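The values are calculated or read from the model by the stated rules, or taken from the named source; none is laboratory data. No experiment lies behind these values; they were computed from the predicted model shown. Because the Cβ atoms are built from the backbone with ideal geometry, glycine has one as well, and the counts that use them run over all protein chains shown. Remember, those area values only see protein heavy atoms, side chains included, never the ligands or the DNA or RNA. Shrake-Rupley method; radii C 1.70, N 1.55, O 1.52, S 1.80 Å.
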Amino acid sequence: MDRIDAMKVFVAALDEGSLAGAGRKLGKSPAAVSRAIAFLETHVGTELLHRTTRSIRLSEAGERYAVACRRILTDLEEADMAAAGERSAPRGRLTVTAAVAVGESLLRPILDEFMNAHPTVSVRLHLLDRPANLIDEGIDVALRIAHLADSTLVALPVGEVRRVLTASPRYLARHPRIVQPADIAEHQVVAMTHFGIDSWSFPQQAGPAGSAMPRTVQFAPRFIVNSLRAAVASAVEGRGVLRSFSYHVADEVADGRLRIILAGDEIAPLPVHLVSPHGRLSVPKVRAFVDFALPRLRAGFAQWSEACAPRNKPASKAAAKPRRD
C-alpha cells in the first residue's frame, strides 16, 4: 500500500471524525479505510487510533504522527500547485477558522459567495472560541482578532475592533449615571466568561507626579453567561452593563437598543488579520479566497466601526449614553 495514500486516509478520518466518514469523503470502502490505518500502524510500530463502534480518538503517538502527516500532505499539495503554476484553477477543500460570532455573521456569507464563484472549491469552516494551531489542525486561513505573536504566519490586516461597554436606554434611565469606570461597581453587570466575570480593567490613569495608576473595577455580576447572544439579549432587556467587542452589538447600537458608555475609557482596540501558514498563499484555492474575502472583510469591519463610532453629543448626554459594545 502507498504510504501517502494511507496518510490521506488517516487525516481524512481525523477531519471527518470517523473511519466511515473518511470512506465517504475518499470514495473508499470501510475495509479499505481500515486496511490503510492498519498499514500505517504496522509501519510505525504502534497504535495511532483508539477505535470504538462510534468514534475514534488519537493515541499519544497518533497525535504526533497526525501533525507530521498534515505537514507532509500540505507540502505535497503546495509542490503540485507550484508546478502547475498559473494554469491551476482553485480546487479542493479550503479549511477556514474564525471566532463563532464573527464567523456566523460576516465570514459565513462571504464563504457562500466564494463557493458560488468557485464551484470546484469546497469549504470546511471551524467556528472556535479558541486560537487554533493552523499547522497541526490543517487550517488554510484564519480570521484572528488579537495581537499576533506567531511570526511564522503570513498576516494581512483587516481592521480593528473595540472592547466597549453598553447598556440599554431603559437601564440607564433607571440607574445612576456612569461617568467613570469606578461607577460600574455600583451597577448591575451582565458578564461573559471571555470578558471577565468579576472584574474589568481600564487604561491607566495619570497619578501624582506623572505616575500611572492601573484601574481595575471589581463587581458582583447580576448575570453570568457563556453565550454571546444571551448576554446581548439580556443587556437589551435592561439587565445591566455589558462589555463585549464592538461588532457583537453593532446592530443593537445602530438601532438604539443599546448605548455605548465610557467610550473615553476603553482599552486600546484589537487588530484583526487574515492569517495563513507560510507558503499556503501560493496554493490557488487559498490565494483565491484571500483575494476574494479581504476587501469584503475590510468593508464589513469598517461598517461595524462606523455603527459604533462616537457621536458628537453634549457632555451631559454623552455621560448618560453608553457607546457601542
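Grab the Cα-Cα distance for residue 298 and residue 26, subtract it from 0.36 nm times how many residues apart they are, and report the gain in nm with one decimal.
94.3 nm
If you put +1 on each Lys and Arg Cβ and -1 on each Asp and Glu Cβ, how big is the dipole of the chain around its Cα centre, in Debye rounded to 20?
900
Residue by residue, what Karplus-based ³J(HN,Hα) values in Hz, rounded to whole numbers, does region 270-277 have, using 6.51, -1.76 and 1.60 with θ = phi - 60° and x for Gly and Pro?
Per residue, the Karplus-derived 3J(HN,Hα) values read 9, x, 10, 9, 8, 10, 8, x Hz.
For a quick check: with amide H placed at 1.01 Å from N, whose amide H comes under 5 Å from residue 158's, ignoring anything fewer than 5 positions away on the same chain?
Distant-sequence amide H within range of residue 158: 272, 273, 274.
Excluding residues fewer than 8 places away in the same chain, name every one of the aspartates and glutamates whose C-alpha is closer than 18 Å to that of residue 28.
By straight Cα distance, residue 28 reaches 2, 5, 15, 16.
Could you work out the relative contact order of the chain? I mean the mean sequence separation of Cα pairs under 8 Å and 6+ apart, divided by the number of residues, in percent.
Relative contact order comes out at 21 percent.
Compare 35, 54, 296 in a GNM of the chain, Cα atoms joined below 10 Å, and give the one with the largest fluctuation.
In the Gaussian network model the winner is 54.
Work from the charge dipole of the chain (Cβ charges, +1 for Lys and Arg, -1 for Asp and Glu, about the Cα centre) and give the residue of 6, 256, 22 farthest towards its positive end.
256
Compute the distance from the alpha-carbon center of region 253-279 to that of region 11-86, in whole Å.
Between the Cα centres of region 253-279 and region 11-86 lies a distance of 39 Å.
Over region 1-146, what is the mean sequence separation of C-alpha contacts under 8 Å (at least six apart), divided by residue count, expressed as relative contact order in percent?
Relative contact order comes out at 19 percent.
Keeping every protein chain present and rolling a 1.4 Å probe, give me the accessible area per residue for the chain in Å².
That works out to 51 Å² for each residue.
Please report, in debye to the nearest 20, how large the charge dipole of region 1-107 is about its Cα centre when each Lys and Arg carries +1 at its beta carbon and each Asp and Glu carries -1 there.
360
Nearest 5 is fine: what % of DSSP beta bridges in the chain come out antiparallel, could you say?
Of those bridges, close to 65 percent are antiparallel.
Read phi for every residue in region 177-193 and hand back ³J(HN,Hα) as whole Hz from Karplus 6.51 cos²θ - 1.76 cosθ + 1.60, θ = phi - 60°, with x for Gly and Pro.
Listing the rounded values in order: 4, 10, 10, 8, x, 4, 5, 4, 4, 9, 10, 6, 10, 9, 10, 10, 4 Hz.
Taking only the alpha carbons of region 185-298, what extent do you get along each of the three principal axes, in Å, biggest first?
Ordered largest first, region 185-298 gives principal extents of 55, 43, 24 Å.
Going highest first, how would you order 252-262, 185-195 by mean Cβ packing within 10 Å?
252-262, 185-195
Given H placed 1.01 Å from N in the peptide plane, which residues other than close sequence neighbours of residue 123 have an amide H under 5 Å from its amide H?
94
Given (1) 24.3, 76; (2) 21.3, 69; (3) 18.0, 57 as candidate values of Rg and Dmax of the Cα atoms in Å, which corresponds to the one derived from the coordinates?
It is the one labelled (1).
Could you check how much of the accessible area of the chain is carbon and sulfur, as a whole percent, using a 1.4 Å probe?
51
Once amide H atoms are placed 1.01 Å from N in the peptide plane, what residues at a sequence separation of 5 or more from residue 238, or on another chain, have their amide H within under 5 Å of its amide H?
168
Taking K and R as +1 and D and E as -1, what net charge do the other residues with C-beta under 13 Å from the C-beta of residue 58 add up to?
Neighbour charge sum, excluding residue 58 itself: -3.
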